[in-house]
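Enquirer: This is the structure, below, for whatever I ask next.
The values are calculated or read from the model by the stated rules, or taken from the named source; none is laboratory data. Since the model is a prediction, treat every value here as computed from it, not as a measurement. Here the Cβ positions follow ideal geometry from the backbone for every residue, glycine too, while neighbour counts run over all protein chains shown. What goes into the accessible areas is simple: the full protein's heavy atoms, side chains included, and nothing from ligands, DNA or RNA. Shrake-Rupley method; radii C 1.70, N 1.55, O 1.52, S 1.80 Å.
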Amino acid sequence: MRKFFTAVVLIPLGLILVVFAVANRHPVKVSLDPFNSSDPSVAVTSPLFVVIIVAALAGVLAGGAATWVRQRHWRRSARQHEADARQARAQLAELRAGGGGPQRFAALPPGGSHRAGGRDKQGATL
């Protein structure tokens, strides 16, 4: 299935990228000096496709980093739930192995009810 995905999606995407690079190979000057546009102190001359691809990659990385930072609460919560589940599994294994020792349960009052007289809150007989 993975090879099929590669053949159907990534190969055409690579071909489109190559065609884009060939069509936009003219050099452009990218200036990082906002005060002097005619003679910038910091400028880079490179093909247009390099500028566009680098800008797209920078956007993908910035978006991924922002998403990763925003999801830290969910990752922390998942770690806590995993630790709780691990602790519960360990307790269950200990109880199944009989290592929990004698259990002490509160004795029920005479008559088998938990309330005096065998009646619930509304007075009905249990």
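Enquirer: Under 12 Å from the Cβ of Leu10, count the other residues' Cβ atoms, weight Lys and Arg +1, Asp and Glu -1, and hand me the total. Spell out each step's value before the answer.
Expert: Working: positive: Arg2, Lys3; negative: none.
Value of the local net charge: +2.
Enquirer: Each label point is 7 Å from the Cα along the Cα-to-Cβ direction; what then is the distance between the points at Leu17 and Ala93, in nm?
Expert: 4.5
Enquirer: Calculated FRET efficiency, Val8 and Leu61, Cβ-Cβ r, R0 25 Å, to nearest 0.05? Mind showing how you got there, number by number?
Expert: Working: r = 26 Å, r/R0 = 1.04.
The pair Val8/Leu61 has a calculated efficiency of 0.45.
Enquirer: Give me the percent of the accessible area of segment 1-94 that comes from carbon and sulfur atoms, probe 1.4 Å, all protein chains in place. Please report the intermediate quantities before stating the final value.
Expert: On the way: 5570 of 8070 Å².
Roughly 69 percent of what the probe reaches on segment 1-94 is carbon or sulfur.
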